[in-house]
Amino acid sequence: MYFSRVRIRSGINELSELAGIFKNDNYGVHRLLWRLFPGQEKRTFLYREEIAREQLGPSPSVRGEPVYYLVSQIKPVADENSLFKVESKDYRPQLEIGQRLQFDCRVNPVIARQGKKHDVVMDAQLQFLSSLIKACGLESLLSAKPDKGEYKKLLLSNGGESLNQRLTEVLANDSRYAERLQQVSNLSDKLEWSIKAHIDVALENWFKKQGERLGFELIVGDDALTKLQNSAYLWHGLPQKANKKGEKAGFSSVDFSGELQITDTAAFEQAVYQGIGRSKAFGCGLLMIKRA
């Protein structure tokens, strides 16, 4: 296996324009990176996009262009006319049961319900808002196909003290967000923080299930909380040709970071080399690890 850093070659006058194009075209980036593996009909690599300035530090040659990290079965090759400069090294981390590692991973978290795939973040929001509507007895005021905005508007307009009490309970019972009760000044803020708390739980549960399958578990700190953070939830649109099923083309991504412990070396090796979750062709799934 190989671990590679791929950068746009220096000296390209249109660098800032290229960076803007790449930022909004996951499908195009995927195709360009695949060209580093000539003759390969099947994708054999994972990648993650970052901003060069944030990764490499201040330098006259480093600006806001993207930098890509790849894990691949085959060493990527950039010819003299390539847009990219490639630096590669052999990659075979020494893994042991019980080993603790720091990690970063960008994933596309989805769950299956009644044969359909659902975005974990959006699903968690809608499930939580729906439960609040029912708890406050407001179902009869909903339209036939309510969206997130309608749920919120109805709750804030008609939820009253019943809603306030339930949101207070949600935050008070979540050690990560209990202090927010001393900071929020209105019901709308309390609802948003409660939604965030519910999403965090849903994302943590999703990641724990990945660990059960892929040979790792999250480290729990002295505060009894798992060492897991999530950030940067984004929706990425894709051209229709990138979606073979003809559905609305796109996917969501979430960045996870934290600490884990290996429970099964063979399964964890699969996670390192083959990735976690879906949308691996579009920059998701690569598990970046280092010793804790």
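If you take the residues in segment 192-213 that are hydrophobic (A, V, I, L, M, F, W, C) and out of contact with any Leu (no Cβ under 9 Å at 6 or more places or on another chain), which one is farthest from residue 132 (Cα to Cα)?
Applying the filter and picking the extreme gives 206.
Evaluate segment 243-250: report whether one residue or more is closer than 25 Å to residue 27 by Cα, open to solvent by less than 30 Å² (accessible area, probe 1.4 Å) and touching a His at 6+ places or on another chain (Cβ under 9 Å).
yes
Looking at 271, 224, which one is in a loop (DSSP other than H, G, I, E, B) and over 13 Å from the mean Cα position of the chain (by Cα)?
224
Among the residues of segment 106-122, how many are more than 10 Å from the chain's Cα centre (by Cα) and open to solvent by 20 Å² or more (accessible area, probe 1.4 Å)?
Qualifying residue count, segment 106-122: 11.
Residues being open to solvent by 70 Å² or more (accessible area, probe 1.4 Å) and either farther than 27 Å from residue 262 by Cα or of a type outside the set (A, V, I, L, M) (or both): count how many of those fall in segment 80-103.
Within segment 80-103, residues that are open to solvent by 70 Å² or more (accessible area, probe 1.4 Å) and either farther than 27 Å from residue 262 by Cα or of a type outside the set (A, V, I, L, M) (or both) number 10.
Please give the number of the condition residue 281 fails out of (1) of a type in the set (A, V, I, L, M); (2) open to solvent by 50 Å² or more (accessible area, probe 1.4 Å); (3) modelled with pLDDT under 95.
Of everything listed in (1) of a type in the set (A, V, I, L, M); (2) open to solvent by 50 Å² or more (accessible area, probe 1.4 Å); (3) modelled with pLDDT under 95, residue 281 misses just condition (2).
Name the pairs: first residue in segment 102-121 and outside any strand (DSSP E or B), second residue β-branched (Val, Ile, Thr) and open to solvent by less than 70 Å² (accessible area, probe 1.4 Å), Cβ to Cβ under 6 Å, at least 6 apart or on different chains?
Listed pairs, sorted by first residue: 109/120; 109/254; 120/111; 121/199.
For every residue, the table says whether it meets (1) farther than 21 Å from residue 236 by Cβ; (2) open to solvent by less than 50 Å² (accessible area, probe 1.4 Å); (3) at pLDDT 70 or above; (4) among the charged types (D, E, K, R).
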| residue | (1), (2), (3), (4) |
| --- | --- |
| 18 | no, yes, no, no |
| 24 | no, no, no, no |
| 32 | no, yes, yes, no |
| 60 | yes, no, no, no |
| 64 | no, yes, no, no |
| 73 | yes, no, yes, no |
| 78 | yes, yes, yes, no |
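List, please: which pairs have Cβ atoms under 9 Å, are six or more places apart or on different chains, and start with a residue in segment 214-241 that is open to solvent by less than 50 Å² (accessible area, probe 1.4 Å) and end with one that is part of a loop (DSSP other than H, G, I, E, B) and among the β-branched types (Val, Ile, Thr)?
So the pair list comes out as 214/276; 215/97; 215/263; 216/263; 226/219; 228/219.
Hey, can you tell me all the residues within segment 123-171 that are open to solvent by less than 40 Å² (accessible area, probe 1.4 Å) and either among the hydroxyl-bearing types (Ser, Thr, Tyr) or touching a strand residue (DSSP E or B) at 6+ places or on another chain (Cβ under 8 Å) (or both)?
Of everything in segment 123-171, those that are open to solvent by less than 40 Å² (accessible area, probe 1.4 Å) and either among the hydroxyl-bearing types (Ser, Thr, Tyr) or touching a strand residue (DSSP E or B) at 6+ places or on another chain (Cβ under 8 Å) (or both) turn out to be 123, 130, 151.
The values are calculated or read from the model by the stated rules, or taken from the named source; none is laboratory data. Just so it is clear, the structure is predicted and the values come from calculations on it, not from any experiment. Cβ: placed from backbone, ideal geometry, glycine included. Neighbour counts: every protein chain shown. Accessible surface areas use protein heavy atoms only, side chains included; no ligands, DNA or RNA. Shrake-Rupley method; radii C 1.70, N 1.55, O 1.52, S 1.80 Å.
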